[in-house]
Each structure stands twice: as C-alpha cells, then as structure tokens.
Amino acid sequence: MKNYRSGEPRHTDSAVHRRRSITTREMQVLELLALGYSSREIGVKLDISCRTVENHSANLRRKLRVRNTVALVRALLQGDVPGYPRH
C-alpha cells in the first residue's frame, strides 16, 4: 500500500512479515508437492479443490520468489523455506 502524501510505502514490518510467512496449509501443499503428488491428488488428500491447491502453490511461489514447482521443492530441500526445519 502506498502513502500518497509522502510517496513512501505505508507497510509496516509486521505487514511484510505477514506477506512472506507461510501458512500451515501452504506448508502441507508444499510437502505433498515435494513427494510428487499432483494438484488433484493433493486436493483429494487435503479435502480441498484442485484450484485451491493451485492457489496455494502460486502463493508459495510468490512468497519464496520462485517461478515453478521445481524451484519450490529445491527451496524446501535447501532449507530456504521460513519456518520449515532443515533436514
């Protein structure tokens, strides 16, 4: 959000943290993607629609600043996912 009077962004540190934090459901989707499940299979397993799975995946790509699912899984394996323990 922009503060049009000063021309400066109006977000706070907590807003930035919130935007980048990963939800429990997004983490579940990411783990299942890493195991090789398709969006449809993940939807069945988590009792959500395929489109919702794709939305979670898109949110993850945006938050982690990656372009595709392979890069998402790579980030997970490299320990670059906030809140996910490194193995």
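Diagonalising the gyration tensor over the Cα atoms of the range 28-87 and scaling each eigenvalue by 5 before taking the square root yields semi-axes of 19, 12, 9 Å, largest first. Counting every other Cβ atom within 10 Å of each residue's Cβ, Leu30, Leu76 order from fewest to most as Leu76, Leu30.
Taking a Cβ cut-off of under 14 Å around Leu32, the surrounding Lys, Arg, Asp and Glu residues balance to a net charge of -2, with basic ones at +1 and acidic ones at -1.
Ranking Arg25, Arg51 by Cβ neighbours within 10 Å, fewest first, what do you get?
Starting with the residue having the fewest Cβ neighbours, the order is Arg51, Arg25.
Suppose a student asked you for the relative contact order of the range 23-87, using Cα pairs under 8 Å spaced at least 6 residues apart; what percent would you report? The normalised contact order for the range 23-87 reaches 25 percent. Summing Lys and Arg as +1 and Asp and Glu as -1 over all other residues whose Cβ lies under 14 Å from the Cβ of Asp47 gives a net charge of +3.
Per-residue Cβ neighbour counts within 10 Å put Lys45, Lys63 in the sequence Lys45, Lys63, beginning with the fewest.
Quick note: the coordinates plus some simple rules give every number you see, no bench work behind them. This structure is a prediction, so every number in the text was calculated from the model and none was measured. No Cβ is skipped: glycine too gets one built from the backbone with ideal geometry, and neighbour counts run over all protein chains shown.
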